[in-house]
1. Checking the condition hydroxyl-bearing (Ser, Thr, Tyr), at negative phi and in a loop (DSSP other than H, G, I, E, B), which residue from Tyr402, Tyr331 passes?
2. Name the residues in the stretch 74-108 that are within 32 Å of the chain's Cα centre (by Cα), open to solvent by 30 Å² or more (accessible area, probe 1.4 Å) and within 21 Å of Gln52 (Cβ to Cβ), would you?
3. Among the residues of the stretch 194-212, what is the count of those that are closer than 16 Å to Thr243 by Cβ and without any contact (Cβ under 8 Å) to a residue 60 or more places away in the chain?
4. Please work out if Leu131 is touching a Pro at 6+ places or on another chain (Cβ under 6 Å), buried (at least 16 other Cβ atoms within 10 Å of the Cβ) and touching a residue at least 40 places away in the same chain (Cβ under 8 Å).
5. So, in the stretch 342-370, how many residues would count as being under 18 Å from Phe287 (Cα atoms) and among the aromatic types (Phe, Trp, Tyr)?
6. What is the one condition in (1) surrounded by 13 or more Cβ atoms within 10 Å (Cβ to Cβ); (2) in the same structural domain as Pro374 (by the TED database) that Arg156 does not satisfy?
7. Search the stretch 46-90 for residues being touching a strand residue (DSSP E or B) at 6+ places or on another chain (Cβ under 6 Å) and among the charged types (D, E, K, R), and hand back the single one that is farthest from Val123 (Cα to Cα).
8. So Val190 passes all but one of these: (1) part of a loop (DSSP other than H, G, I, E, B); (2) buried (at least 20 other Cβ atoms within 10 Å of the Cβ). Which condition number does it fail?
Amino acid sequence: MWCRRLVWLLRAPRQPSRSSGHRSPWLPRDSRTILGARWHHTAPESLKCAWQLHRDHLELRYADTLMRFDFVWLRDHCRSASCYNTKTNQRSLDTASVDLGIKPQAVRVDETTLFLTWPDGHVTRYGLEWLVKNSYEGQKQRVMHPRILWDADIYRQAQVPSVDCQSFLETDEGLKEFLQNFLLYGIAFVENVAPTKEDTEILAKRVSLIRETIYGRMWYFTSDFSRGDTAYTKLALDRHTDTTYFQEPCGIQVFHCLKHEGTGGRTLLVDGFHAAEQVLRRVPDHFELLSKVPLKHEYVENVGGCHNHMIGVGPVLNVYPWNNELYLIRYNNYDRAVINTVPYDVVHRWYAAHRTLTAELRRPENELWVKLKPGKALFVDNWRVLHGREAFTGYRQLCGCYLTRDDVLNTARLLGLQA
């Protein structure tokens, strides 16, 4: 799929210099010659690290990982004092000044470090562990965002605890526990929140900047038909992600039910990544199609003083191409616009793929129903978890906001979490 094709595209222009025997078993001791390229080891008796030079790249084996580094890449990523500012973590080297035909004059590897001497005498040093972590081959083996995929039973059995509001606001431990739950499951709850918009705003600001949108900064949410959106009714809402009609959909949504005098209104939560994973496992061609076909989502509003026309473009499933890891699902059947971005012979196959995903999203075992009550705030990863609601009666008031995804992840990383 994505990954295999990208690898093929990257290798194709260099195939003449790469038809080496790197697929063959590693010989036990001495170096061997492959198409004129000679393998070198860090020590005569060591197989921990081996390397060889090719016409346009360096091939390196370390920690059971076979890596290939373009010479320009090796020069560009030099971390010497003249090339990289360790105080600002920014590159000082002018990449455009590097000769695209550059090749090291000398290469040396010890047990921990790769040394490269360039034609102008400059020496670049790389830790071998750093290279494994930052190589393309290393990234293919890594997960950017560790997650626990769930259906309703998995989530309930995990007994994921809510975090107390005071602990959340006043301690790093409480905030870290909350963020760890959120990163793993895509949803997290905070209990004992005062049922006001002002207290909900304080809660949201603890973890991120609040993203102001066409709906304002902090919003009240009632069935008063005040906006041109089905959400502002008492009707049931099928599972969906929000703001699919933004070029960058909002990352996190906060819900806090302040009052409900009536029946119904339970909130539906579905792990979109779990459903997509089932599609990938059962019908991989449908997963691939959903990750490639670009669609438009549209929001047109002319109600009272609100006049908006928003259009967002992107596939239903968004993946990192180097490892096929899913990072965003854009699913909203209410707001999907006319499909006019693909030819007719692709459209029918897309509908079949969309039906496969929809069937997974609608499996009863994937539905987690939650009754939101005053004092219990819900944070939802809008790039992963779909939400909906059952119809309700009476007066129901929610408040909430959208958070900037970058700032939530920044807060998590500063607390030592992988995000």
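The values are calculated or read from the model by the stated rules, or taken from the named source; none is laboratory data. Just so you know, these numbers come straight off a predicted model, no measurement behind them. In this analysis, Cβ positions are derived from the backbone assuming ideal geometry, glycine residues included, and neighbour counts consider all displayed protein chains. The area values use the complete protein model at the heavy-atom level, side chains included, leaving out ligands, DNA and RNA. Shrake-Rupley method; radii C 1.70, N 1.55, O 1.52, S 1.80 Å.
1. Working: Tyr402 fails: in a loop (DSSP other than H, G, I, E, B).
Just one listed residue meets the conditions, Tyr331.
2. If the condition is that a residue be within 32 Å of the chain's Cα centre (by Cα), open to solvent by 30 Å² or more (accessible area, probe 1.4 Å) and within 21 Å of Gln52 (Cβ to Cβ), then His77 is the only one that fits.
3. Residues meeting the conditions: 1.
4. Numbers: touching a Pro at 6+ places or on another chain (Cβ under 6 Å): no; buried (at least 16 other Cβ atoms within 10 Å of the Cβ): yes; touching a residue at least 40 places away in the same chain (Cβ under 8 Å): yes.
Judged against the criteria, Leu131 is not a match.
5. Step one: list which residues in the stretch 342-370 are under 18 Å from Phe287 (Cα atoms), which gives 342, 345-363.
Keeping just the survivors that are among the aromatic types (Phe, Trp, Tyr) gives 350-351.
Result for the stretch 342-370: 2.
6. (1)
7. Arg61
8. Of (1) part of a loop (DSSP other than H, G, I, E, B); (2) buried (at least 20 other Cβ atoms within 10 Å of the Cβ), only one is false for Val190: (1).
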